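Each value in this text was obtained by applying a stated rule to the coordinates, not by laboratory testing. None of the values given here were measured: they were computed from a predicted structure. Don't worry about glycine lacking a Cβ; one is built from the backbone with ideal geometry, like all the others, and counts go over all protein chains shown.
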Amino acid sequence: MVLPIILPLKHMNLDRTSTVDCLLDGCKKGDRKAQESLYKALASKMMAVCMRYAKDTFEAEDILQMGFIKVFRKVSEFRSEGSFEGWIRRIMVNTAIETYRKNLRSLNVVDIDEVYDQPQSTFDMGKLELNDLLKLVQQLSNGYRIVFNMYAIEGYSHKEIAKELGISEGASKSQLSRARAILKDKIIKMEGLDYASNIG
Amino acid sequence: MHPISDKELDKLFQHRFTELEMAPSPAVWEKITASLDQKQRKGAFSPSFWMAAASIVVLISAGLLYFSPQQVIKLHGTSEFTQNVDTSLSPVEQNTLTASITEPQKSDQTIIVNSPDFSFESTSGIKSTADPLVQNPQLAEPEIKLPVQTEPLLNLSSVVKKANPVQTKKAVKVPNRFSGDQSALDVTQPDMMAKAVFIEKESDIEENELRGQRKIRSIGSLVNFVIAKVDKREDKIIEFKDSDEVSEVSGINLGLVKIKSKK
């Protein structure tokens, strides 16, 4: 499966990228100091990825932990075809998907989000706080959240999502549109509050 | 303020999330290292090790269960030993024969020993008379006498020592040669039974000697030793052969199914 990395290169910290690549050899040898340096360099960034997929910080930390253990065990399998950071990021996303599937089996999660038919809504994107956006995504039900993350942020196709999650492409599409609708709705409400507080 | 499209919404999240960074709690790294260390320790005793250990236990217990009726077969085994008795009688007789042959030699030697003894006493008496003609042959006699006196004693002990190993060795070798004579045997005779027990004891000693020669060098030979204690059949339920570095299974006997590699 080819996973296009949407992450724009201009946002990548070049210094960090070079240190991460330097640590690759140490990690392949199982050197604990190299592993720790790699973790320290990437933990915050990977934690953010996990947070998007998780409903709360605890779940995100579980995914992060499992993801890094996989990284250190499978690091010898890494071929320098793409960036090391990109490879680690894909492992985090895959771990998040696995966690979702496990939860689905054990909890039989029912989506409880209401879907509103949205009128033409408008908002100012610039004013939204980053943490607020994260909260919006986290508040989505598990099914909507994973499809939105995979499609909108990681760039999976509906076909790939359907295969990964064991659902139909149609289900993937409908879950995405519902997720989008909920997000739009909530953003407008936030904008409304913001607007109201400005007026008041 | 403008209406938002799906693409715009996706791009908003995509774009903003690239700059998102959140520090996880320090406990996460500790859990990661703990998990990595745990896996390294597990490597020392791999699951295959425990599976091998468990299978050996299962095999031994299966052997114990399977060979409880083996005692019945063992009774049949004693009749084989009685067959051996008849044939092994001859070596015993042979031994006694050889013993009787050596005895006369022994007696001859003692006669030689005794006679100079008396002469020695007599010579010492004669010595005082100091007759050179008589003294010379008499002096020569004790010179011969001393080595002769020690030799017969050595011969005696050597004869005794030789006789025993010959007896046991022949008891094993001869039955193979005379295994055809089974029909001539009368197992019911109490004499025979008694001798059978005697021979059995002998063969047991030999078996023990053989076992002693097989040193326990590996787990395979240890299992062989343990199974040999339980399984008295010629083909053991499982048998290991020591190759250069690993001990491999050389034979399996599950009653109906027998597998044995060429030695």
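Legend: mean number of C-beta atoms from other chains within 10 angstrom of residue C-beta atoms, peptide B:24-37, equals 6.
If you take each beta carbon of peptide B:46-53 and count the beta carbons of other chains within 10 angstrom, what is the mean? Show your work: numbers first, answer last.
Details: counts 0, 0, 0, 0, 0, 0, 0, 0.
Partner-chain Cβ atoms within 10 Å, mean over residues of B:46-53: 0.
Peptides A:76-88, A:138-150 ranked from most to least packed by the mean count of surrounding Cβ atoms within 10 Å: A:138-150, A:76-88.
Peptide A:40-53 has a mean shielding of 4, counted as Cβ atoms of other protein chains within 10 Å of each residue's Cβ.
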